[in-house]
Amino acid sequence: MAQDRARGWTREPLAPVVLSRIGTLPASTERPMIDSAADLRDHYPQPTGRAVDKTLDHLDAHCRRFLALAPFAVLASGDASGRLDASPRGGAPGFVRVHDERTLWLPDAPGNNRLDSFSNIAETGRAGLLFLIPGVDETLRVNGSARVRVEPEVLGAFSSERRLPRAVLEITVEEAYLHCAKALMRSRLWRADAQTPREALPPTSQILNDQTGRADREETQEEMAARYAPDL
């Protein structure tokens, strides 16, 4: 373990990759790489049973309950050139609203104005969402067509919120299904004894200065949280 005294944070050494953890690799084949969907399917067994049957084309009562409890989602999108984006979205539980059994409304909260996700969606009309509930290892996946709406009557549906959104993302549900708990169980995401102290990383402002070559004033995480507070 090395201590960066000028920075005031602890730098952990990188752990070596242990190949044995991966397990036994399959025997070599004539084709060393998988370069088609057909090759990929040949490499894995076919999905069966409820792994296939669970996919819905609407939001049933269980999906609606999950959405009402979810304070966090990851919004996935891509543009026509293949550039991809995954953006975290958060709010009070149920911040993504069920407009009807085929429609979700996600209000846009103040951010950095890069508009990566919304630009992709305006171009391709497609989006995917992964919803998480703290303490629950299952996640909910929703995929479908999407569009950015700015009509006053749509924005007005969020008049009870702290502030009106500038835009609302509307997702028309084509696929909705519960994803199994294995990934979150493996990561121990919600386990208190698996939490990493924020001090394991330098302050965000320091990281950004290092990455961009800028010399902006560095602020503590507490100062950053106070600056963000009006937009939360």
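The values are calculated or read from the model by the stated rules, or taken from the named source; none is laboratory data. Only a predicted model underlies this, so the values are computations on that prediction, with no experimental measurement involved. Please note: Cβ atoms are built from the backbone with ideal geometry, for glycine as well, and neighbour counts cover all protein chains shown. Protein only, heavy atoms only, side chains kept; ligands, DNA and RNA dropped before computing areas. Shrake-Rupley method; radii C 1.70, N 1.55, O 1.52, S 1.80 Å.
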Could you compute the FRET efficiency for ARG50 and THR196, with r as their C-beta to C-beta distance and R0 at 30 Å, rounded to 0.05? 0.30
Got a number for carbon plus sulfur as a percent of the chain's accessible area, 1.4 Å probe? 55 percent
If you add up the charges near LEU106, with Lys and Arg at +1 and Asp and Glu at -1, over every other residue whose beta carbon is less than 13 angstrom from its beta carbon, what do you get? +2
Distance in Å, no decimals, from the C-alpha centre of region 73-127 to the one of region 31-65 is 23 Å
For region 43-110, what class follows from the C-alpha gyration tensor (a ≥ b ≥ c being the square roots of its eigenvalues): rounded when a/c is under 1.5, otherwise prolate if a/b is larger than b/c, else oblate? oblate
What number, rounded to the nearest 500 deg cm²/dmol, is the helix-based mean residue ellipticity at 222 nm of the chain, given -39500 (n - 2.57) per DSSP H run of at least four residues and division by all its residues? -6000 deg cm²/dmol
Taking max minus min of the Cα coordinates of the chain on each principal axis, largest first, gives extents in Å of 59, 55, 38
Given N residues in region 80-182, what is Rg(Cα) / (2.2 N^0.38 Å)? 1.08
Enter the accessible area of SER187 (Å², nearest 10), with the probe set to 1.4 Å and all protein chains included. 70 Å²
Enter the accessible area per residue of the chain (Å², integer; probe 1.4 Å; all protein chains in place). 70 Å²
Sites matching trypsin sites (Lys or Arg not before Pro) across region 83-117 that sit in DSSP coil, with at most 11 neighbouring C-beta atoms within 10 Å: ARG114
Rounded to the nearest 0.05, what FRET efficiency is calculated for ALA38 and CYS180 with R0 set to 30 Å and r the Cβ-Cβ distance? 0.75
Surrounding charge for VAL168, neighbours by C-beta under 10 angstrom, Lys/Arg +1, Asp/Glu -1, total +1
Please work out whether region 166-209 counts as rounded, prolate or oblate from its C-alpha gyration tensor, where a ≥ b ≥ c are the square roots of the eigenvalues and a/c under 1.5 means rounded, while otherwise a/b larger than b/c means prolate and anything else oblate? oblate
Filter the trypsin sites (Lys or Arg not before Pro) in region 173-232 down to the DSSP loop ones having no more than 13 other Cβ atoms within 10 Å, then list what survives. ARG188, ARG191, ARG214, ARG217
With all protein chains in place and a 1.4 Å probe, HIS99 shows an accessible area in Å² (nearest 10) of 100 Å²
